[in-house]
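The structure appears right after this line, and notes come after that.
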Amino acid sequence: MLRIATIGTSMITSDFIEAVTAEAGATFVGTLSRDGGRGRAFTEERGGSHAFTEIADLAASDKVDAVYLGSPNACHAAQALACIAGGKHVLVEKPMGANKREAREIFEAAAEAGVVAMEAMRPLHDPAFWAVRDALPELGRIRRADLRFGKYSSRYDEVLAGRHTNIFDCAMASGALMDIGVYCVEALIGLFGAPVSLSATSVLLDEETRGLTHGPLDGAGVIVASYPHMAATLSYAKIMNDNLPCQVEGEAATLTFAGVSVPTEARIDYRGVTGRGAAKAVRVEEGARSVSLDLPHCENTMAYELADFIAAVEAVRAGAMPEDAPAGPFGTVGYFRDVTLAALELMDEARRQTGIVFPADAA
């Protein structure tokens, strides 16, 4: 049994606790919140027994084996390092840190302490994502990919009303790329590996908001990633909705799927035999056909990352080295670490190109 505490009282933390409650191999101990009353209420309402107000107390608790960090992005590194120093396994909500350096420090500390450190990146642990990846050979030689995720954030209304929110704050290492675009980036790495080069552009929030955001910060953006034989476009936004599906185009077929964070409704359209056409005629390819993919479905896909995290911890308890520990059916702790680091390296470069700077970048 893995005794898990959480940090934060956000909706995503509540969803994670729901997954813990449904998992036979784990139990929820309690949450850490700076607001003691809020933390106690949050803990009690979800069946926990111990609330915490100080990270040192959580890290030292003999009632906790592992910690899920659902705190603001800028807090991840310091809190994860404190928990690791206390011998706790950590599952850190995406992104792992404010930049690659912070993530690397977490992984190195976990390796030295002999504990598991993983990023809670849901699609990489979702069988539906791997069903999409397994279908890629059907497409022939892949030439282009378009991965996209745009969702209007209600917190943007706070910014427009002149009120501060952590979701749009350089001091919290947030913004569209870090909170939404990261799904596109890690899906890209998971499907195709790291690109050889990239070009990034951001839609920055209006200058008059910078007193709230503590510097230039993105509401949306586009990254073009180059590979030797293909190109990929990543589109992401937190200030408008994107209603288009993701698409991977090969010379033999095109794969489309909805939801880069939770893949659904996937389809392969196989190319038929084409004839030369004219402007006044629409020709149908002979032999063209479409096949729908039956993707696995789960109401709360955090259950997948939780199960893989537990599997890795159990493997370490049985004697495996943390980086070699199997983290579910799709990879080891080391594999997921490498994806996280490659993704943050890409995002660091995208932020460099677009002038988005976090306090952690100065370290």
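The values are calculated or read from the model by the stated rules, or taken from the named source; none is laboratory data. Only a predicted model underlies this, so the values are computations on that prediction, with no experimental measurement involved. Note that each Cβ is placed from the backbone with ideal geometry, even for glycine, and that neighbours are counted across all protein chains shown. SASA here: full protein model, heavy atoms, side chains in, ligands and nucleic acids out. Shrake-Rupley method; radii C 1.70, N 1.55, O 1.52, S 1.80 Å.
Worth pointing out:
- Placing a pseudo-label 7 Å from each Cα along the Cα-to-Cβ vector at Glu314 and Asp157 gives an inter-label distance of 4.3 nm.
- Nearest-ten-degree value, helix 36-45 long axis tilted from longest Cα axis of the chain: 70 degrees
- Gain on full stretching of the segment that runs from Ser197 to Glu349 - 0.36 nm per residue minus C-alpha separation: 53.8 nm
- In the chain, the calculated helix contribution to ellipticity at 222 nm averages -10000 deg cm²/dmol per residue, counting -39,500 (n - 2.57) for every DSSP H run with n ≥ 4.
- The chain - percent of accessible surface contributed by carbon and sulfur, probe 1.4 Å: 51 percent
- Accessible area (Å², per residue) of region 289-363, counting only protein heavy atoms and a probe of 1.4 Å: 47 Å²
- Rounded, prolate or oblate (a/c below 1.5 giving rounded, otherwise prolate when a/b exceeds b/c) for region 1-74 by Cα gyration tensor: rounded
- Radius 13 Å from Cβ of Ala161, net charge of other residues (Lys, Arg +1; Asp, Glu -1): -1
- Cα pair distances exceeding 26 angstrom across region 127-268, given as percent: 29 percent
- Hydrodynamic radius of region 239-347 by the Kirkwood approach over all distinct alpha-carbon pairs: 17.8 Å.
- A full extension of the chain between Val273 and Glu285 corresponds to an added length of 3.8 nm, given 0.36 nm per residue minus the alpha carbon distance.
- Paramagnetic reach from Arg143 in region 233-259 [backbone N under 17 Å; point 7 Å along Cα→Cβ]: 233, 247-256
- Taken over the chain, the percentage of Cα pairs per 20 Å bin, counting from 0 up to the bin with the maximum distance, is 29, 56, 14, 1.
- Fully extended contour minus Cα-Cα distance, from His297 to His229, at 0.36 nm per residue: 21.2 nm
- Virtual spin-label span in nm between Asp361 and His214, 7 Å along Cα→Cβ: 1.4 nm
- Nearest-0.05 FRET efficiency for Arg133 and Asp35, computed from C-beta distance (R0 35 Å): 0.25
- Relative to the dominant Cα principal axis of the chain, helix 100-113 is inclined by about 50°.
- Packing, as the average of other Cβ atoms within 10 Å across residues, places the peptides 21-32, 226-237 in the order 21-32, 226-237, highest first.
- Legend: calculated FRET efficiency, Ala78 to Ile12, from the Cβ-Cβ distance at R0 = 25 Å, rounded to 0.05, equals 0.80.
- In this calculation the C-beta distance from Ala56 to Glu112 is compared with R0 = 30 Å, giving a FRET efficiency of 0.95.
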